[in-house]
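The values are calculated or read from the model by the stated rules, or taken from the named source; none is laboratory data. Quick caveat, the model's predicted, so the values are computed rather than measured. All Cβ positions, even for glycine, are placed from backbone atoms using ideal geometry, and neighbour counts span all protein chains on display. Quick note on the areas: whole protein, heavy atoms, side chains included, nothing else; ligands and nucleic acids left out. Shrake-Rupley method; radii C 1.70, N 1.55, O 1.52, S 1.80 Å.
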Amino acid sequence: MPRRSITDEEIGLIKAMLRRGMRNRDIQFYFNRQDRPVNSGRITGINAGDYGPEVPAATEAALDAFLAGFAPALVGVAIEAGAPREPTLAERAFARFVQRDGGWFLADGETSDQECKAQFDPRRMEPIVRAIAALANNRGGFVFIGVQDAECRVTGMPDTAFQDTDIVRITDRVKNLLTPTPAFSKDVIEVGDQAVGFIHVEKYPTPPVIVCRDANGLEDGTILFRYAGQSGKIKFGDLLAMLRERDRAATQTLLASATRLSEIGADRALIVDTEKGELDAGSKRIVIDRALADQLDFIREGEFEERAGARALRLIGDVHAVDPEGQVVERIEGRALDADAVLLAYLGHDVVREPLEYICLSAKVQRQWLPVFYFVRLAGGDIDAAIEALDATNAVYRVSKQNALERLRGQRSAFERPGGAILEVVAALQAGQFDELRQRFNDLQIVRGIRGLPDGLEPADPLFDLLRDIYRDADGNANVRSGVFSAAARLDELENPRQPR
């Protein structure tokens, strides 16, 4: 075996730091020297067991003693003097646990800023959403997964569902159920030898965060608040204090803005309405630097909607690009549109820029079942105009085009007569029993059940969330993915009462 540059004692300490939840770059601080660098890849190798697997992790006492007596090497990287380093989020989360009675426990139990869950189910995220809303309305805090409710004892997560669930999926669920959307992040730490997940929720700056849709354990219009040991409906006194604090903050902001406006002068000021996305400059001409303009998304009037990842700016009036001499130049941008984009735009009820393009795509993709009537409504509701536009589109896939034309003319439907076990799915869907549907039936049965929904039924909002979740979980299952498209086409028909059957 080649000689290692890191001693066994150092490897043991690194393993203990990893167990404590410290990040690679923070661990490097303690072991990097000019004559012996320890890069992040080496620490990752230790964590994976590829480097020094036989070396045991140092005890907590040994690690505490090392950290307490640590002094930077005389030869090494420069250490910046000044205020101590802020602990990482993972370190803050780990610091809330203590070891006693042969196990690890959440030190203070469930409080007004920390809640624990034994497990995480990506198919039933309402309990997590409930905790996020309650914490955001109070002072923020942590939701720990892998900690039993009763004693707040660390048991570890029973599977990797939390690690495998992208935060985007959790965010989508939160956006569907809460308004406005609070800020939060997720991570995993090692407590003892158990993996504990956590979601850290930021206090919402201008509460309240309100439940905007009925779901399992959530009621439309409810304001949740985190109390010691529980998340529940806010009490009147706390709501009153919250609203008074919001009014006070709004008044301070208004006074600060008025002071700044008086300094600039009303004749030279530019007013931006962040709620409507409008920019008011009176009769003045506004020129935006090209470097900045290339980073802006301009949304046309009537189509302003904030998207995940960035804010959009709506300008009322014409927008022109200019060259350095101020001459107007054209800026042409391409945009890819595919069947997945059409499906997700429909399931999310997005307001799209050119709805007829979404209809005409049926002639250009192999998918024979795409939502069309929703986009007809966005285009003004003229079925004849939609048929004319699709009919004039050059067909790459003639069967797909013909299928869509027949649906627009009322000659074809995505309805599929249910039978056998699918009848049970249809009954559950009609009864609004969405919460445990994926535990009772497989995804292919569910999408077939949606196709079997009868005429006259008005699709409930959870149906669209359910179908979107099934589509995202389908991965390489072509049958399920295809079934989602036909099920979405059926929902699209049910939302269009003018469509003859």
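Numerical summary
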read-out	value
The stretch 209-231 residues that are farther than 12 Å from Leu178 by Cβ, paired with ones that are crowded, with 17+ Cβ neighbours inside 10 Å and acidic (Asp, Glu) (beta carbon under 8 Å, 6 or more apart)	Arg226/Asp113; Arg226/Glu115; Ala228/Glu110; Gly229/Glu110; Gln230/Glu110; Ser231/Glu115
Val201 vs. criteria of a type outside the set (Gly, Ala, Ser), buried (at least 17 other Cβ atoms within 10 Å of the Cβ) and over 16 Å from Asp121 (Cβ atoms)	yes
Positions within the stretch 131-150 being open to solvent by 10 Å² or more (accessible area, probe 1.4 Å) and in contact (Cβ under 8 Å) with a residue 40 or more places away in the chain, in sequence order	Asn138, Arg139
Scope the stretch 151-185; condition of a type in the set (D, E, K, R) and either open to solvent by 50 Å² or more (accessible area, probe 1.4 Å) or at pLDDT 95 or above (or both); matching residues	Glu151, Arg153, Asp159, Asp164, Asp166, Lys175
The stretch 356-377: number of residues that are under 20 Å from Gly410 (Cα atoms) and in a helix (DSSP H, G or I)	12
Helices (runs of 4 or more DSSP H) completely within the stretch 385-501 that count 3 or more residues being open to solvent by 80 Å² or more (accessible area, probe 1.4 Å) and more than 21 Å from Asn176 (Cβ to Cβ)	398-408, 421-430
Among residues of the stretch 39-62, those that are modelled with pLDDT of 75 or more and under 18 Å from Arg25 (Cβ atoms), counted	8
Cβ pairs under 7 Å, 6+ apart, first in the stretch 107-120 and in contact (Cβ under 8 Å) with a residue 12 or more places away in the chain and under 13 Å from Ala150 (Cα atoms), second open to solvent by 30 Å² or more (accessible area, probe 1.4 Å) and hydroxyl-bearing (Ser, Thr, Tyr)	Ala118/Thr155
Index of the failed condition, Ala195 passing every other in (1) under 28 Å from Ile14 (Cα atoms); (2) open to solvent by less than 50 Å² (accessible area, probe 1.4 Å); (3) within 17 Å of the chain's Cα centre (by Cα)	(3)
The stretch 383-436, residues that are out of contact with any Asp or Glu (no Cβ under 9 Å at 6 or more places or on another chain) and aromatic (Phe, Trp, Tyr)	Tyr397
Residue in the stretch 11-29 that is farthest from the chain's Cα centre (by Cα), counting only those that are within 22 Å of Gln99 (Cβ to Cβ) and open to solvent by 50 Å² or more (accessible area, probe 1.4 Å)	Arg19
Of all residues making up the stretch 111-127, the number that are surrounded by fewer than 20 Cβ atoms within 10 Å (Cβ to Cβ), within 15 Å of Val201 (Cα to Cα) and of a type in the set (D, E, K, R)	1
Considering residues of the stretch 214-251 that are under 22 Å from the mean Cα position of the chain (by Cα) and closer than 20 Å to Val201 by Cα only, the residue surrounded by the most Cβ atoms within 10 Å (Cβ to Cβ)	Arg226
